[in-house]
Amino acid sequence: MKKKSKLRRKEEELLRLEISRAKLALESAYSNFENVVDPDLIDCYIYEVNAVQKRYKYLLKQAKLLSDENIAEQII
């Protein structure tokens, strides 16, 4: 039981770290998008923003699933 809990905590910690990284990448992509004038770079940053947004949403979804699993385990 302790081993599972320790693994779960490690997984949560890694997920939080990845969410933080994705958030910083998203802020960076938005900043870059706002500061370019070349049409090719504008397109590049639009794609980058969309890709990072999708990753960020995915990670948040994984965090919610992990949270729901933790709540279910506490009930059982």
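Please tell me the relative contact order of the chain in percent, rounded to the nearest whole number, where contacts are Cα pairs under 8 Å and at least six residues apart. Walk me through the numbers before you get to the answer.
Working: 27 pairs, mean separation 27.4, N = 76.
Contact order relative to length: 36 percent.
In whole percent, and with a 1.4 Å probe on the protein chains, what portion of the accessible area of the chain is carbon and sulfur? Kindly include the intermediate steps, with their values, before the conclusion.
Details: 3740 of 6370 Å².
Of the solvent-accessible surface of the chain, carbon and sulfur hold 59 percent.
Pairs of lysines 8 or more apart, or on different chains, with alpha carbons under 24 Å: count those in the chain, would you?
Lysine pairs meeting the criterion: 17.
Give me the angle, in degrees from 0 to 90, between the Cα long axis of helix 39-75 and the longest principal axis of the Cα atoms of the chain, rounded to the nearest 10.
10
If you line up the long axis of helix 2-34 against the longest principal axis of the chain, both from Cα atoms, how many degrees apart are they, to the nearest 10?
For 2-34 against the chain, the angle is about 10 degrees.
So with the 1.4 Å probe, I'd like the accessible area per residue for the chain, rounded to whole Å².
Working: 6370 Å² over 76 residues.
Heavy-atom SASA per residue in the chain reads 84 Å².
The values are calculated or read from the model by the stated rules, or taken from the named source; none is laboratory data. Keep in mind that this is a model prediction, so the values were computed, not measured. Each accessible area value is taken on the protein alone, full model and side chains, heavy atoms only, with ligands, DNA and RNA left out. Shrake-Rupley method; radii C 1.70, N 1.55, O 1.52, S 1.80 Å.
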